[in-house]
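Novice: Take a look at this one; I'll ask things after.
No lab work stands behind these numbers, since they all come straight from the coordinates. None of these values were measured; they are calculated from a predicted model. Positions of Cβ are generated from backbone atoms using ideal geometry, with glycine treated the same way; all protein chains shown enter the neighbour counts.
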Amino acid sequence: MSESSLRVVWVYPDLLSTYGDRGNALVVERRARQRHLNVTRIDVRSDQAVPTSGDIYLIGGGEDRPQRLAAERLRNDSGLVRAAENGAIIFAVCAGYQILGHEFINDLGEREPGLGLLDVWTARGEGARCVGDVLADVDPRLGLPQLTGFENHQGVTHLGQGVQPLATVTAGRGNGTGDGTEGAWRDTVFGTYLHGPVMARNPAVADMLIKLALDVNALPPADTTWYDALRAERIAATSRPA
Ligand code: GLN
């Protein structure tokens, strides 16, 4: 972390912020402030350079065309790749997750290169879109409670040897490959299909990113009353038989 302040970079709010993904930036900021940390949030529009000095980078989801435009710009800009090389923490949702991989199918039906920051690649699902609420058990090494979120994607993401699944679904489709995996991670780079926004439904994820940025194992406790109410409501609704 930089000396004075935790720098949270929200990448391309103008292209990638569907289904309330903006909330992820707000929640990370809020969870850090609850611990009396100084936070600087930097919103980087797609016509601006991505700074390399951030601590935590957040990328949201998007429709197919904005996703292609975002991938093009991020490849040309290279700021996010350089930040990753410097060990920055990156958390990406849905379209953002697909962009972090080697390739995805764009709105023109063509193979579009991603950034190769996660060893995953995304094909176009032949069946129905994956839409609905998700529950998933997280890789135990990350020490997180059950994830709740909302997915809406056509892409189906395959994982290579260089990543681990972020979680295993108990409801919903996740990566859409039929093997129950959801998302992917390695080191400090994470991808998930979960909107919601995922940090509002799972503040422990925001706390994990802050702990990684500070290089600490624990944070002072902070109130989670409203998050807990939302979690309980969504988990109950998703667990109920249809
Ligand atoms: N356009 C991508 C897909 O449909 C990602 C969608 C999203 O970000 N919600 O797979």
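Novice: Would you check which residues across the stretch 1-56 are away from the ligand (no atom under 16 Å from the Cβ), under 20 Å from LEU100 (Cβ atoms) and polar (S, T, N, Q) and list them?
Specialist: Correct list: GLN48, THR52, SER53.
Novice: Mind counting the residues in the stretch 155-189 that are under 21 Å from THR238 (Cβ atoms) and assigned to a loop (DSSP other than H, G, I, E, B)?
Specialist: The total comes to 12.
Residues checked against (1) touching a Phe, Trp or Tyr at 6+ places or on another chain (Cβ under 6 Å); (2) more than 22 Å from LEU115 (Cβ to Cβ); (3) not aliphatic (A, V, I, L, M):
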residue: ALA171; (1), (2), (3): no, yes, no
residue: THR181; (1), (2), (3): no, no, yes
residue: ARG186; (1), (2), (3): no, no, yes
residue: THR224; (1), (2), (3): no, yes, yes
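Novice: Residue check, ALA49 against (1) aliphatic (A, V, I, L, M); (2) surrounded by fewer than 20 Cβ atoms within 10 Å (Cβ to Cβ); (3) closer than 29 Å to THR225 by Cβ, all met but one. Which one?
Specialist: Exception for ALA49: condition (3).
Novice: With the checklist (1) in a helix (DSSP H, G or I); (2) within 24 Å of ASP228 (Cα to Cα) in hand, flag the one item PHE150 doesn't pass.
Specialist: (1)
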